[in-house]
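To keep things clear, I will list the structure first and then write my remarks on it.
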Amino acid sequence: MTEHTYKQFDIEMDEIRSELLRMAGCVESMIEDAVRAVVNGDTDLIDRVKKNEKEVNTIEVAIDDQIARIIARRQPAGIDLRTLIAVAKMLTDMERSGDEAEKMASMASRLHDGNQKFVPEIELQHMGRAVVTMLHDAMDAFARHDSVAAAAVVRSDKQVDKEWKAAMRSLISYMIEDPRTISNGIDLLFVARSLERIGDHAKNMAERVIFMVHGTDVRHQGVKAAERIVKEAVAQETQSTQ
């Protein structure tokens, strides 16, 4: 490729990275708005989540198209190819996270529809902040090619899983004590489940970052294995540069 072509290729790659980060910012806002709507029933927040979900879908289609064109025209290799593969897979997790946020917004409408207001005695807001942080940190690791930070996100999913189980136990106890809360309690279970799934998607994206940086697939290998692989890869790369 000529120097001009190389520069154009770099511009195209930067555009894809920027659009993925923009998509992530939109999904983060959706999650935050959805959780607040579950707590206070704000219809403006619910409407904003649904509007942003359409924007997320639009960005997903546009990035998919960009990736297909770059692979067909540029035939990238090495880390460039791994980046495109990683982004293509992260798009799915990001879009599904947006879908989960929209589900939570729909649950918020049902929870606050009518006279009965059921305020859950679980830390859904804390769980929401935790998964938003995971998503943000995964994208930060992507932007900085930081596999160590990505491995930390993978580990963070364990804590979100614990919070999901605690929320489920708390809600079930609440419903047993007061059967009048069963309907809303079930809706809140779905909200907590959506947050847990977003944590899973953030973990998946962090695993893609590790693949992008080192070319090693750490899926299905567990947290400790992922951390070990990253540590060994970083040590090897450090030695090779000395």
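The values are calculated or read from the model by the stated rules, or taken from the named source; none is laboratory data. Remember, predicted model here, so these are calculated numbers, not experimental data. No Cβ is skipped: glycine too gets one built from the backbone with ideal geometry, and neighbour counts run over all protein chains shown. Note: areas computed on protein heavy atoms with side chains; ligands, DNA, RNA excluded. Shrake-Rupley method; radii C 1.70, N 1.55, O 1.52, S 1.80 Å.
When the range 147-170 is filtered for residues that are of a type outside the set (D, E, K, R) and over 11 Å from V131 (Cβ atoms), the ones remaining, listed by number, are S147, V148, A149, A150, A151, A152, V154, A166, A167, M168, S170.
Selection within the range 127-163: residues that are over 16 Å from the mean Cα position of the chain (by Cα) and either of a type outside the set (S, T, Y) or open to solvent by 10 Å² or more (accessible area, probe 1.4 Å) (or both). The member of this set that is farthest from V218 (Cα to Cα) is E163. Just so you know, in the range 23-45 the residues that are over 18 Å from V132 (Cβ atoms) and not small (G, A, S) include one that is least open to solvent (accessible area, probe 1.4 Å), and it is T43. Flag: R219 does not match the condition of being modelled with pLDDT of 95 or more and either open to solvent by 40 Å² or more (accessible area, probe 1.4 Å) or within 12 Å of the chain's Cα centre (by Cα) (or both). For the range 206-230, filtering for residues that are without any contact (Cβ under 8 Å) to a residue 12 or more places away in the chain and more than 16 Å from M90 (Cβ to Cβ) leaves 6.
Residue count for the range 72-104 under the criterion of being part of a helix (DSSP H, G or I), over 20 Å from I210 (Cα atoms) and more than 17 Å from the chain's Cα centre (by Cα): the result is 3. Out of all the residues in the range 176-184, is one or more in a helix (DSSP H, G or I), closer than 17 Å to K103 by Cα, free of Cβ contacts under 8 Å to residues at least 12 places away in the same chain and of a type outside the set (A, V, I, L, M)? Yes, that holds for at least one residue. Do we have V56 as in contact with a Leu (Cβ under 6 Å, 6 or more places away or on another chain) and surrounded by 14 or more Cβ atoms within 10 Å (Cβ to Cβ) here? So V56 fails the test.
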